[in-house]
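Worksheet: one structure, shown below.
The values are calculated or read from the model by the stated rules, or taken from the named source; none is laboratory data. The structure displayed is predicted, hence computed values, not measured ones. Heads up, the Cβs are rebuilt from the backbone with ideal geometry, glycines too, and the neighbour counts pull from every protein chain shown.
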């Protein structure tokens, strides 16, 4: 059991509901539910009471932006209750489809560390929901134009399935054009994914192309935006940017 005073980050699962129905998501088999305000407030109070000099509240789901009012209430409560000596930061893992300009402004204002689950080019992303690529593409353009620092701090996670692995390198190239500085990739390895020998070979081919992109970027800039297979370190940070037990390879635990 973790001692309360050792807590540096709390992952707050606001809801198990999601506005998308991705075939690979481990949340699909879970019962619906949402966190009530009393529970959320108690969790925030616990985080603020720890003896650690800093605490991060990371919002998760389901899709946490379905409960944006609850999220906003939590952040404003934490800001009102924090001591002058306590460093408080925030994070979110989101599919981004509900990230309106108003909500983006709020996240940017409070410097949210944001992991965007976005599978890339239309042929891959549209399997998660029709029209989602265009919506997310516009969102990235809006963030770059209106909240450049927030845009530059974004991390993107691409989940590769047997049906989408052929588009992996193309998707990485798309995010490089969008000037995303932290691009991570994970193959889905739950029972729902049927990887044939042909598709596994496709992974090798795709990563050979992606490696060439990373080397080209490194030669040009001295760093690379492309992370490793399981979403570890890139030039911009480390895997501690998110709760790696709850994202990435989607173990289905």
### Summary
Matching residues in the stretch 76-89 (surrounded by fewer than 20 Cβ atoms within 10 Å (Cβ to Cβ) and in contact with a helix residue (DSSP H, G or I) (Cβ under 9 Å, 6 or more places away or on another chain)) number 6
### Task
Report yes if residue 108 is within 30 Å of residue 53 (Cβ to Cβ), over 14 Å from the mean Cα position of the chain (by Cα) and surrounded by 17 or more Cβ atoms within 10 Å (Cβ to Cβ), otherwise no.
yes
### Message
Any residue in the stretch 222-233 that is farther than 17 Å from residue 116 by Cβ sitting within a Cβ distance under 6 Å of a residue that is outside any strand (DSSP E or B) and at pLDDT 65 or above? List the pairs, counting only those 6 or more apart or interchain.
### Response
224/214; 224/217; 224/218
### Query
Since residue 22 meets every condition but one in (1) crowded, with 19+ Cβ neighbours inside 10 Å; (2) part of a loop (DSSP other than H, G, I, E, B); (3) out of contact with any helix residue (DSSP H, G or I) (no Cβ under 6 Å at 6 or more places or on another chain), which condition does it not meet?
(3)
### Query
Is it true that some residue in the stretch 87-110 is in contact with a strand residue (DSSP E or B) (Cβ under 7 Å, 6 or more places away or on another chain), within 19 Å of residue 18 (Cα to Cα) and part of a loop (DSSP other than H, G, I, E, B)?
yes
## Note on the structure
Of 127, 140, the only residue that is modelled with pLDDT under 95, on the phi < 0 side of the Ramachandran plot and in a helix (DSSP H, G or I) is 127
### Query
What tally of residues in the stretch 188-198 results from selecting those that are without any contact (Cβ under 8 Å) to a residue 40 or more places away in the chain and within 25 Å of the chain's Cα centre (by Cα)?
2
### Message
Go through (1) touching a residue at least 24 places away in the same chain (Cβ under 8 Å); (2) farther than 28 Å from residue 160 by Cβ; (3) not in a helix (DSSP H, G or I) for residue 120 and report which single condition fails.
### Response
(2)
### Query
Of the residues 66, 70, which single one is within 16 Å of the chain's Cα centre (by Cα) and in a helix (DSSP H, G or I)?
66
### Query
Are any of the residues in the stretch 157-171 assigned to a helix (DSSP H, G or I) and in contact with a strand residue (DSSP E or B) (Cβ under 6 Å, 6 or more places away or on another chain)?
yes
### Query
In the stretch 182-202, which residues are at pLDDT 90 or above and buried (at least 16 other Cβ atoms within 10 Å of the Cβ)?
182, 183, 184, 185, 199, 202
### Query
Within the stretch 121-156, how many residues turn out to be in contact with a strand residue (DSSP E or B) (Cβ under 7 Å, 6 or more places away or on another chain) and under 19 Å from residue 18 (Cα atoms)?
1
### Query
Of these, 168, 154, which one is farther than 24 Å from residue 107 by Cβ, modelled with pLDDT of 90 or more and surrounded by 21 or more Cβ atoms within 10 Å (Cβ to Cβ)?
168
### Message
Tell me yes or no: at least one residue of the stretch 214-230 is at pLDDT below 50, in contact with a strand residue (DSSP E or B) (Cβ under 7 Å, 6 or more places away or on another chain) and assigned to a loop (DSSP other than H, G, I, E, B).
### Response
yes
